[in-house]
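What follows draws every value from the coordinates through simple rules; no lab data is involved. Note that the coordinates shown come from a computational prediction; the quantities given were computed from them, not determined experimentally. When we count neighbours, we look across all protein chains shown, and the Cβ atoms used for this are built from the backbone with ideal geometry, even at glycine.
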């Protein structure tokens, strides 16, 4: 590694003031790295300099292309959309969103009458929905008839097996309200 002689320091100062980058100066001087040039520039206090004439000018940004028909327009699916992409596209307005009916929310009044079965009384045909706190004496299982190989009666199956989209929608309503 070469040392910083007075001659090299003067050459560094001239190149720096001419707007050369640290990498370009390191290549010109030879035997030093870009970081060594940056360190020497800071130690010499050469931070201010004229803008480099070597740097590439910034390109002007293009204005975004606006599609006809508004922000929700989409291409028409006719013959003009197949094949050559240079053909003009006909735009139709996007369809209006349809109202989605929320699923029925079950309440305790919808629940079936409880049969009060203990764990030893359950079979493959009885509902295994727990009712109450397992630490209480009154804890029991629903024990109504289950159908279709599901471990719960019709009511508890509707409560237990909600589609993921319904659960997400309910969670969003809870946070929004």
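Note on residue 21 and residue 38: the extension gain reaches 5.2 nm, defined as 0.36 nm multiplied by sequence separation minus the Cα-Cα distance.
Residues 25, 119, 38, arranged from fewest to most other Cβ atoms within 10 angstrom of their Cβ, appear as 119, 38, 25. Using the Cβ-Cβ distance between residue 171 and residue 99 with R0 set to 35 Å, the FRET efficiency from 1/(1 + (r/R0)^6) comes to roughly 0.95.
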